[in-house]
Amino acid sequence: MNGFEDEVLNKILEEKIKSNPVFVQVGKKVPARLTNKYLFINKHCSILPAYAGVNPVFWKMLKKEKYQGVTVHRMDENFDTGKILLQSKIENRGNLFSIYHTLYDLTSELLLELKSQDTLDDEGKNTGLDYTYYSYPNKKDIKAFLNTGNKFGLPFRLHPRIGGL
């Protein structure tokens, strides 16, 4: 594949996706020619516009924020700046992975709620002054995270609906 210039990808978008919303998560910016044409929906594990960027749960734990949260938003050509569609928050309690797992579970609920609404083709951008962007934590950040009593936890678990299967 040649990234966003890949012929197969663009053919699929044109023939199969058309005006249907697409839930995506990417590690590089999607060109405006695609975000303006297709409805790409993303989840971000913070209450945007704050804590945009990488590993927001880590940064919120390190900074001892009271809440964690998840945002479902329309993607644009920049990271985490598209129109906010829905948000939900939880207390900042638990270890890093347990918080991420809870936020992912909330995401599925938000997507179901979004599907029942008629707001998917709204356009616009965040203009909040509280936009903060974080990158990957370095060794110093990780040490500070652990020194504050935070824990990473286990990266895996069964989904609550699966239970003990």
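The values are calculated or read from the model by the stated rules, or taken from the named source; none is laboratory data. Not measured: the values here are computed from a predicted model. FYI the Cβ positions are ideal-geometry reconstructions off the backbone, even for glycines, and counts take in every protein chain you see. To get the accessible areas, we keep the full protein, side chains included, count just its heavy atoms, and leave off ligands, DNA and RNA. Shrake-Rupley method; radii C 1.70, N 1.55, O 1.52, S 1.80 Å.
General observations
- The C-beta contact set for the range 80-109 (first residue free of Cβ contacts under 8 Å to residues at least 60 places away in the same chain and open to solvent by less than 60 Å² (accessible area, probe 1.4 Å), second residue in a helix (DSSP H, G or I) and basic (Lys, Arg), distance under 9 angstrom, 6+ apart or interchain) comprises ASN92/LYS60; ILE99/LYS60.
- Residues that are in contact with a Pro (Cβ under 9 Å, 6 or more places away or on another chain) and outside any helix (DSSP H, G or I) within the range 75-102 comprise GLU77, ASP80, THR81, ILE84, listed in sequence order.
- PHE58 meets the conditions (1) of a type in the set (Phe, Trp, Tyr); (2) modelled with pLDDT under 95; (3) open to solvent by less than 80 Å² (accessible area, probe 1.4 Å) in every case but one. The failed one is (2).
- Qualifying positions in the range 1-18 - open to solvent by 100 Å² or more (accessible area, probe 1.4 Å) and not in a helix (DSSP H, G or I): MET1, ASN2, LYS18
- Within the range 36-55, none of the residues are surrounded by 15 or more Cβ atoms within 10 Å (Cβ to Cβ) and in a helix (DSSP H, G or I).
- The residue pairs whose first member lies in the range 59-70 and is within 18 Å of TYR136 (Cα to Cα), whose second member is crowded, with 20+ Cβ neighbours inside 10 Å and among the hydroxyl-bearing types (Ser, Thr, Tyr), and whose beta carbons are closer than 7 Å, counting only pairs six or more residues apart or on different chains, are TRP59/TYR51; LYS60/SER46; LYS60/TYR51.
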